[in-house]
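K.L.:
Here it is, the structure in full.
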Amino acid sequence: MWLEPTPTARITRLDMTPDLPSGTLRIIPRAVNAAGRSARVTVSAGGTVVGTATGAVGSTIAVPVPNARLWSPDDPFLYDVRVDLLDGGGAVADTVGSYAGMRSVSIGMVNGTMRTLLNGRPVFMNGVLDQGYWPDGNMTAPPRTRRCAGTFRPRRPWASTPCASTSRSSPCAGTTGRTGSDCWCGRTCRPVMPTAPDGRCTRPACGP
């Protein structure tokens with residue numbers, strides 16, 4: 001938990017989706033108290049700007065990423081993303097920074113079998129489970145830099161790409177992206193959830 005001062009008009013969230021066919025990163029900047037304001041999105045790699053675009057807050061802004069370096073477990077490259085909230089005169093009211101990987105995830109038939117495809121190519125999903133318990137604090141996590149660096153390391157030597165986390169949003173998602181792993185987050189079925197007679201969780205988010 002942390003506290004930080006924010007302006008009255010501020011960015012609250014970024015919804016980002018890479019679009020490989022069009023060579024763009026599609027971003028929807030969310031903000032509060034920002035009626036009539038616009039957002040400027042800048043994508044860079046290693047300090048060099050590769051694309052920028054401006055649009056209305058709450059709308060989809062397509063930022064061109066030419067000749068994108070695709071994210072993969074072998075090359076877990078992440079682009080830097082900066083979003084500036086602009087007032088009517090073009091002055092910056094708020095700024096947030098993030099990151100994104102240019103990749104596509106889909107399913108398709110490969111030699112008669114349905115497979116998971118990463119960037120259009122089949123990838124073998126042999127994952128591990130991050131249960132969210134910590135040896136030095138049980139349910140209390142140590143500082144992020146120490147817990148994430150020690151938990152997620154490159155998995156390619158034993159062909160493991162995803163990490164399944166039982167928390168709704170893993171605090172180590174950024175670390176997994178940089179080390180060539182992928183983080184699958186989901187809810188945990190608890191006894192207080194509605195259950196069927198055989199004990200199965202009946203909430204749609206939990207699955208069968």
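K.L.:
Which of the residues that make up the range 61-98 are over 17 Å from the mean Cα position of the chain (by Cα) and polar (S, T, N, Q)?
P.N.:
ASN67, THR95
K.L.:
Among the residues of the range 3-21, write down those that are out of contact with any Leu (no Cβ under 6 Å at 6 or more places or on another chain), more than 15 Å from GLY101 (Cα to Cα) and in contact (Cβ under 8 Å) with a residue 12 or more places away in the chain.
P.N.:
THR6, PRO7, THR8, ALA9, ARG10, THR12, ARG13, listed by residue number.
To keep it simple, each residue is scored yes or no on (1) at pLDDT 65 or above; (2) surrounded by 17 or more Cβ atoms within 10 Å (Cβ to Cβ); (3) charged (D, E, K, R); (4) closer than 30 Å to ARG10 by Cβ.
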residue: ASP75; (1), (2), (3), (4): yes, no, yes, no
residue: THR113; (1), (2), (3), (4): yes, no, no, no
residue: LEU117; (1), (2), (3), (4): yes, no, no, no
residue: GLY120; (1), (2), (3), (4): yes, no, no, no
residue: MET125; (1), (2), (3), (4): yes, no, no, no
residue: ARG168; (1), (2), (3), (4): no, no, yes, yes
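K.L.:
Right, GLY101: within 18 Å of the chain's Cα centre (by Cα), at pLDDT 90 or above and exposed (fewer than 11 other Cβ atoms within 10 Å of the Cβ) or not?
P.N.:
No: the conditions fail for GLY101.
K.L.:
Tally the residues that are part of a strand (DSSP E or B) and in contact (Cβ under 8 Å) with a residue 40 or more places away in the chain, restricting the search to the range 44-91.
P.N.:
So the first thing to find is which residues in the range 44-91 are part of a strand (DSSP E or B), and the list is 44-45, 48-56, 61-64, 70, 79-86.
Retained after the next criterion (residues that are in contact (Cβ under 8 Å) with a residue 40 or more places away in the chain): 62, 64, 70, 79, 81-86.
So the count comes out to 10.
K.L.:
Now for a different question. Suppose we filter the range 92-109 for residues that are within 25 Å of GLY23 (Cβ to Cβ), of a type outside the set (Ser, Thr, Tyr) and in a strand (DSSP E or B); how many remain?
P.N.:
Adding up the residues that qualify gives 7.
K.L.:
Check off (1) touching a residue at least 24 places away in the same chain (Cβ under 8 Å); (2) of a type outside the set (Phe, Trp, Tyr); (3) in a loop (DSSP other than H, G, I, E, B) for ILE27 and give me the number that stays unchecked.
P.N.:
The number of the failed condition is (3).
K.L.:
Still on this structure, please answer the following. For the range 30-43, give me each residue that is in contact (Cβ under 8 Å) with a residue 40 or more places away in the chain and either touching a Phe, Trp or Tyr at 6+ places or on another chain (Cβ under 9 Å) or assigned to a strand (DSSP E or B) (or both). Before the answer, list the steps.
P.N.:
Taking the range 30-43 first, the residues in contact (Cβ under 8 Å) with a residue 40 or more places away in the chain are 31, 34, 36-43.
Of everything in the range 30-43, those that are in contact (Cβ under 8 Å) with a residue 40 or more places away in the chain and either touching a Phe, Trp or Tyr at 6+ places or on another chain (Cβ under 9 Å) or assigned to a strand (DSSP E or B) (or both) turn out to be ALA31, SER38, ALA39, ARG40, VAL41, THR42, VAL43.
K.L.:
Suppose we keep only residues that are of a type in the set (A, V, I, L, M) and surrounded by fewer than 16 Cβ atoms within 10 Å (Cβ to Cβ) within the range 10-44. Which one would you say is modelled with the lowest pLDDT?
P.N.:
So the residue we want is ALA35.
The values are calculated or read from the model by the stated rules, or taken from the named source; none is laboratory data. It should be emphasised that the depicted structure is a prediction, and the values quoted were computed from it without experimental measurement. Here Cβ is always computed from backbone atoms with ideal geometry, including for glycine, and neighbour counts include all displayed protein chains.
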